[in-house]
Amino acid sequence: MSEYQYYEFLATDRHLTSEEMSDLRSISSRAQITPVSFSNYYNFGNFKGDPDDLMQHYFDAHVYTANWMTAIFKLRLPNEVMSEEADSFLAEAEGDVLDFKTTKTHTVITWSLHDSKNYSRFEIEDGEGWMARLAPIRDELLRGDLKDLSNNFPKAWEQIQHTLNRGSGLAYDEACQALLDLSEAYALVDRSKSFELKLEEFMTAHQRRKAFVERLRRAKLWRKE
């Protein structure tokens with residue numbers, strides 16, 4: 001399997017100057033550079049820049065993917081929007097998956113996923129399109145919705161319950177996939193154990209759905225008899 005790495009950076013609060021774009025061009029002659037973005041992929045060799053340095057000086061969001069099962073997402077937020085509640089939440093969630101660094105003006109939040117079990121997903125993903133899906137999270141955080149990283153979890157459980165109530169094979173397939181996605185979401189904020197406990201509680205009402213339980217076993221989400 002050939003090597004593949006994808007880098008993308010996005011500036012949302014301001015446009016890059018001509019001088020800044022020239023500085024970025026010195027890092028890569030092949031990259032696509034606009035007044036608000038920088039993107040490039042590598043089949044051999046490595047990125048000559050430092051993503052943390054670029055985030056500190058130029059950009060507000062960064063996506064990195066590699067086909068050896070690694071994905072990284074960074075967001076830069078002004079310190080004035082970081083409340084004490086937000087700092088407390090991030091401190092509790094900090095770990096191998098979530099990290100944050102603070103400068104005099106900004107806080108950079110980093111989500112990292114390494115050695116994912118979902119290998120086939122990394123094998124076919126080329127990285128393009130992830131920025132469009134993830135960048136809106138920054139707008140939510142700027143509105144003060146930092147807790148939105150986990151506040152949508154109850155709604156997700158309710159939707160899965162609603163799906164299961166349909167009682168069909170298709171509904172079981174949809175619910176199983178939704179639980180896989182939800183498991184990844186919990187992992188992003190370093191709360192995999194919370195997902196396991198919530199799933200165990202959730203399944204007390206669904207043990208008799210043998211076809212659904214079997215789907216969860218095949219997806220390696222459920223191991224109890």
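For the stretch 122-133, which residues satisfy the criterion of being assigned to a helix (DSSP H, G or I) and either modelled with pLDDT of 70 or more or more than 30 Å from Phe38 (Cβ to Cβ) (or both)?
Trp130, Met131, Ala132, Arg133
Just wondering, is there one or more residues in the stretch 18-27 that are modelled with pLDDT of 90 or more, assigned by TED's automatic domain parsing to the domain that holds Thr103 and closer than 23 Å to Glu140 by Cβ?
no
For the stretch 176-220, which residues satisfy the criterion of being of a type in the set (Asp, Glu) and closer than 26 Å to Ile72 by Cα?
If the condition is that a residue be of a type in the set (Asp, Glu) and closer than 26 Å to Ile72 by Cα, then Asp181, Glu184, Asp190, Glu196 are the ones that fit.
Can you name the residue in the stretch 35-47 that is of a type outside the set (A, V, I, L, M, F, W, C) and more than 24 Å from the chain's Cα centre (by Cα) and, of all such residues, is nearest to Met131 (Cα to Cα)?
Top of the filtered list is Pro35.
Which residues, taken from the stretch 31-46, are modelled with pLDDT of 90 or more and in a loop (DSSP other than H, G, I, E, B)?
If the condition is that a residue be modelled with pLDDT of 90 or more and in a loop (DSSP other than H, G, I, E, B), then Ala31, Pro35, Val36 are the ones that fit.
Those residues that are touching a Gly at 6+ places or on another chain (Cβ under 9 Å) and modelled with pLDDT under 95, I need them from the stretch 8-17; list them, please.
none
The values are calculated or read from the model by the stated rules, or taken from the named source; none is laboratory data. No experiment lies behind these values; they were computed from the predicted model shown. So basically every Cβ, Gly included, is an ideal-geometry build from the backbone, and we count neighbours across all protein chains shown.
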